[in-house]
Amino acid sequence: MKKTFKNKQELVDFVKNQVNIELENDKENFLNKKRKILYTKISDEDAYLVIPLFKKYGIAHERHYRERWFVYVRR
């Protein structure tokens, strides 16, 4: 089942509701300027809950650097 979101905040709220982990949406970071891509930090401790959630709902994501991730709101 593929899940789509209207905006980044809807994605952040969804993850918070499902696994009680709040993803960072830093509006000052230049990598977070695109509307359809959330650039966020997911710690290694939280990744074991968040990444399977992304896979279950077909939310595209890719690791960027260390604990930083690109999460696609819409593709």
So Glu22, is it open to solvent by 100 Å² or more (accessible area, probe 1.4 Å), without any contact (Cβ under 8 Å) to a residue 40 or more places away in the chain and out of contact with any His (no Cβ under 6 Å at 6 or more places or on another chain): yes
Any hit, region 52-62, residues being closer than 14 Å to Val12 by Cβ, in contact (Cβ under 8 Å) with a residue 60 or more places away in the chain and either open to solvent by less than 30 Å² (accessible area, probe 1.4 Å) or in contact with a strand residue (DSSP E or B) (Cβ under 9 Å, 6 or more places away or on another chain) (or both): no
Subset of region 23-44 (residues that are closer than 14 Å to Tyr65 by Cα and at pLDDT below 90): Leu31
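Answer yes or no as to whether Glu67 is open to solvent by 40 Å² or more (accessible area, probe 1.4 Å) and over 11 Å from the mean Cα position of the chain (by Cα).
yes
The values are calculated or read from the model by the stated rules, or taken from the named source; none is laboratory data. Treat the numbers as computed from the prediction; the structure is a model and nothing was measured. Cβ: placed from backbone, ideal geometry, glycine included. Neighbour counts: every protein chain shown. For the accessible areas, the whole protein counts, side chains as well, though only heavy atoms, and no ligand, DNA or RNA atoms are used. Shrake-Rupley method; radii C 1.70, N 1.55, O 1.52, S 1.80 Å.
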